[in-house]
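This report refers to the structure that appears directly beneath it.
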Amino acid sequence: MRRGKSGFVLAFTLGIILALTLLFATLLGLPGNVRRQAMRVAADVQEVYDAESSLLLHLAGIPHSVVAGGELGLPPVSESTLGPYGRLCAGRDSSVEVCALTVSRLQALGYREWHAGMQAYREGLRERIVSSSAFRSFSGNRRLSEAPEFAYMRVQDGDLRLTLAGHVPSFNAVVSGDVAVDGNAVYDTLRLHASGNVTLKGGVQIGFLEVAAGERVEVSGAVHFRGMLSARREVRLRGRAVAAYPSMAIAIGQNGTEVDVAIR
């Protein structure tokens, strides 16, 4: 016998109800501490779903009054700028916050507007690092071969060299001298604000990269990244380096600046 669509939907719905009933019964049968932990995880997952839904509705142009109020009751969306990118976040008032990066439409800007925007972005990058509650300060040259317990640091009166290995969820540094990144580590996020030059080489892979350097940034070897490179005079990409979309390389000076790409 051939079933109609309505019969399939009914059977599917009853199957979901049965599965949820069994899950709820299982949760009730768990010990108290395990059940409380499971309920907390379920609440966190629900907050992530609510935040993601709020972001999607915001991108679709649904008014804030509809998303945050009424029957939906989803968290509001905040907007900020990260240089050429936009940043949308939802869930700021809860224990879970979900953020997304966006790319704005192209628009014609005069040099002064463009330069002021890039300077604001670079300063904003520094402030986001130093304002972290996990921020720690050190003096003199530093070389890290193992991922530290802290993810935010300042190096005063010295250079920083990173030769980490394995998976690094996040590393953020403000350095008064030069920064050199080498090795084969896989960074989810790497943010560097340096008064000196920044060099990335080896087989480093970076899911999201932000670099604000002094005079020069150079990326070589088999580095693979996605993100933003900025320097006052020169940005160079060499060897087998890969800048995945969306990525940008900007030299912000007015005279004698250069973005040089020579990738094999």
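The values are calculated or read from the model by the stated rules, or taken from the named source; none is laboratory data. Nothing here was measured: the structure is a model prediction, and the numbers come from that model. Positions of Cβ are backbone-derived with ideal geometry, glycine not excepted, and every protein chain shown enters the neighbour counts. Note: accessible area is taken over every heavy atom of the protein model, side chains too, but ligands, DNA and RNA are not part of it. Shrake-Rupley method; radii C 1.70, N 1.55, O 1.52, S 1.80 Å.
For region 196-205, 3J(HN,Hα) computed residue by residue from phi via the Karplus equation (6.51, -1.76, 1.60; θ = phi - 60°) reads x, 8, 10, 10, 10, 8, x, x, 5, 10 Hz, glycine and proline entered as x.
Spin-label model, L101/V48: points 7 Å from Cα along the beta carbon direction are separated by 2.0 nm. Entry note, region 143-264: relative contact order of 16 percent, from Cα contacts under 8 Å with a spacing of 6+ residues. Counting charges near N197 (Lys, Arg +1; Asp, Glu -1) among other residues having Cβ under 12 Å from its Cβ returns a value of -1. Classify region 118-264 as rounded, prolate or oblate, taking a ≥ b ≥ c as the square roots of the eigenvalues of its Cα gyration tensor: rounded when a/c is under 1.5, otherwise prolate if a/b is larger than b/c and oblate if not. Oblate, because a/c is 1.5 or more while a/b does not exceed b/c.
Between the beta carbons of S80 and R136, assuming R0 = 25 Å, the FRET efficiency works out to 0.50 to the nearest 0.05.
Amide H to amide H, with H built 1.01 Å from N, R236 comes under 5 Å of V217, E218, V219, D260, counting only residues 5 or more places away or on other chains.
Under 5 Å from the amide H of M228 lie the amide H atoms of L209, E210, V211, M248, each residue being 5 or more positions distant or on a separate chain, with H modelled from the backbone and absent for Pro and chain starts. Computed over region 189-264, the percent of Cα pairs more than 18 Å apart is 29. In region 133-261, the portion of solvent-accessible area held by carbon and sulfur atoms comes to 43 percent [1.4 Å probe, whole percent, DNA, RNA and ligands not counted].
Measuring r between the beta carbons of R240 and A60 and using R0 = 41 Å, the FRET efficiency lands at 0.55. Per-residue 3J(HN,Hα) values for region 167-174, derived from phi via the Karplus relation 6.51 cos²θ - 1.76 cosθ + 1.60 with θ = phi - 60°, read 9, 10, x, 7, 9, 9, 9, 10 Hz in sequence order (x marks Gly and Pro).
Computed 3J(HN,Hα) for region 118-125, one whole-Hz value per residue from the Karplus formula 6.51 cos²θ - 1.76 cosθ + 1.60 where θ = phi - 60°, is 5, 5, 5, 4, 5, 5, x, 4, glycine and proline marked x.
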